[in-house]
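Below is one structure, written out as structure tokens, with a few remarks after it.
The values are calculated or read from the model by the stated rules, or taken from the named source; none is laboratory data. Predicted model only: the values in this text are computed from it and were never measured. Neighbour counts run over all protein chains shown; Cβ positions are idealised from the backbone, glycine included.
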Amino acid sequence: MAMINEQTILSLGRALQVQKRAVRAYEIIANAAPAAKERELLLGIRREERRHYYLLEGIYEDMAGQAFSSSRVALSLPRNYHDMLKTSLCDKLAGIDFYEQLREEIGCVKNQVLMDLILREQKEHARILAALYDQ
């Protein structure tokens, strides 16, 4: 296995941990949302983050030749809903940068297409979070 592939596999493992943390975070943020409409938007993001986890898991298995071994993830969020949105938006933007770089490391076109889908949805999540934050 080439060095770049080993680094890519490590990056995919990190991405899986990030997605796992995101699923939990959006559940917490949705529960803190002041209105049903906001809660539904956040739960929609949570559903897509869970799907992203499974897509990344498939890419990981394809590249590593084995299943990803998941561990518990630590999660720390502010207590205030508005601050939760801000933290989540900052994390989302950093994640988009990370996924764009990761996409370039993946050689398989099929997996690049899956990364493109994830990136499009992550960017939409960032737009939704920014709109909720600006309310």
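Okay, here's what the table says:
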{"item": "Residue in segment 19-32 that is over 21 Å from GLU105 (Cα atoms), among the aliphatic types (A, V, I, L, M) and outside any helix (DSSP H, G or I) present", "result": "no"}
{"item": "Failed item in (1) within 15 Å of LEU12 (Cα to Cα); (2) in contact with a Ser or Thr (Cβ under 9 Å, 6 or more places away or on another chain); (3) surrounded by 14 or more Cβ atoms within 10 Å (Cβ to Cβ), with GLN101 passing the rest", "result": "(3)"}
{"item": "All positions within segment 106-135 that are of a type in the set (Asp, Glu) and either without any contact (Cβ under 8 Å) to a residue 40 or more places away in the chain or crowded, with 17+ Cβ neighbours inside 10 Å (or both)", "result": "ASP116, GLU124, ASP134"}
{"item": "Enumeration of residues in segment 47-59 that are within 30 Å of GLN135 (Cβ to Cβ) and either among the polar types (S, T, N, Q) or without any contact (Cβ under 8 Å) to a residue 24 or more places away in the chain (or both)", "result": "ARG47, ARG51"}
{"item": "Residues located in segment 59-84, provided they are hydroxyl-bearing (Ser, Thr, Tyr) and in contact with a Leu (Cβ under 6 Å, 6 or more places away or on another chain)", "result": "TYR60"}
{"item": "Every pair of residues 6+ apart whose Cβ atoms lie under 6 Å, when the first sits in segment 60-83 and is in contact (Cβ under 8 Å) with a residue 12 or more places away in the chain and under 24 Å from THR8 (Cα atoms) while the second is hydroxyl-bearing (Ser, Thr, Tyr) and surrounded by 13 or more Cβ atoms within 10 Å (Cβ to Cβ)", "result": "PHE68/TYR60"}
{"item": "Test result for GLU104, over 10 Å from the mean Cα position of the chain (by Cα), modelled with pLDDT under 95, over 30 Å from GLN135 (Cβ atoms) and not aliphatic (A, V, I, L, M)", "result": "yes"}
{"item": "Hits in segment 33-64 - residues which are outside any helix (DSSP H, G or I), touching a Phe, Trp or Tyr at 6+ places or on another chain (Cβ under 8 Å) and surrounded by fewer than 16 Cβ atoms within 10 Å (Cβ to Cβ)", "result": "PRO34"}
{"item": "Test for SER11: is it touching a Leu at 6+ places or on another chain (Cβ under 9 Å) and not in a helix (DSSP H, G or I)", "result": "no"}
